[in-house]
1. Exactly one of these conditions fails for Phe104: (1) at pLDDT 95 or above; (2) under 15 Å from the mean Cα position of the chain (by Cα). Give me its number.
2. Would you check which residues across region 6-33 are in contact (Cβ under 8 Å) with a residue 60 or more places away in the chain, open to solvent by 50 Å² or more (accessible area, probe 1.4 Å) and charged (D, E, K, R) and list them?
3. Do you know which of the residues in region 39-97 that are within 20 Å of Asp110 (Cβ to Cβ) and touching a helix residue (DSSP H, G or I) at 6+ places or on another chain (Cβ under 6 Å) is modelled with the highest pLDDT?
4. Just give me the residues in region 75-134 being assigned to a helix (DSSP H, G or I), small (Gly, Ala, Ser) and open to solvent by 20 Å² or more (accessible area, probe 1.4 Å), in sequence order.
5. Report yes if some residue within region 34-54 is part of a loop (DSSP other than H, G, I, E, B), in contact with a strand residue (DSSP E or B) (Cβ under 6 Å, 6 or more places away or on another chain) and open to solvent by less than 80 Å² (accessible area, probe 1.4 Å); otherwise report no.
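The values are calculated or read from the model by the stated rules, or taken from the named source; none is laboratory data. Here the structure is a predicted model, which is why all the values come from computation and not from measurement. Cβ sites come from the backbone with ideal geometry, for glycine too, and all protein chains shown count toward neighbours. The protein model used for the area step is the full one, side chains on, heavy atoms only, and it has no ligands, DNA or RNA in it. Shrake-Rupley method; radii C 1.70, N 1.55, O 1.52, S 1.80 Å.
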Amino acid sequence: MEAERRVGVAVDFSASSKNALKWAVDNVIRKGDHLILVTIRPEGNYEEGEMQLWEVTGSPFIPLSEFSDPVVMKKYGMKPDPETLDIVNTAATEKEVEVLMKIFWGDPRDKLCEAIDNIPLSCIIVGNRGLGKLKRAIMGSVSNYVVNNGSCPVTVVKHHD
């Protein structure tokens, strides 16, 4: 019997991350997998809500039924994204996969690498915003950092306008 696969997709609800999610569902996800959406929120001084409890370790796994609920997601400082929900609801039904979300707070580069080890993930798919050479040199590329520092296979899905 094959071991359970935990396929992570880095999601920030941008066009490039939705493209990576679609690619993962079409090309990687198969029946019985766990599709784990990993989202990173900026650090901040949060007054209330679950995010204050989970700032260091990340949120508990949030099932699809809960991250579809605006009231639940508000506790984490987020709103459900209709297009992302459509992609994962279709995947959950058609591919018979369990969809979960885990939210981390901090620098996306570090937190994605931590997520790989802490969840743990079998592989992770990340989008690529297509930064120019100058912006990438100044700001740094999250996908490049994860490719070079992540401890599991990393797939970068290029975004084309």
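1. Looking at each condition in turn, Phe104 falls short on (1).
2. Across region 6-33, the qualifying residues are Arg6, Asp12, Lys22, Arg30, Lys31.
3. Ile40
4. Matches in region 75-134: Ala92 only.
5. No, region 34-54 has no match at all.
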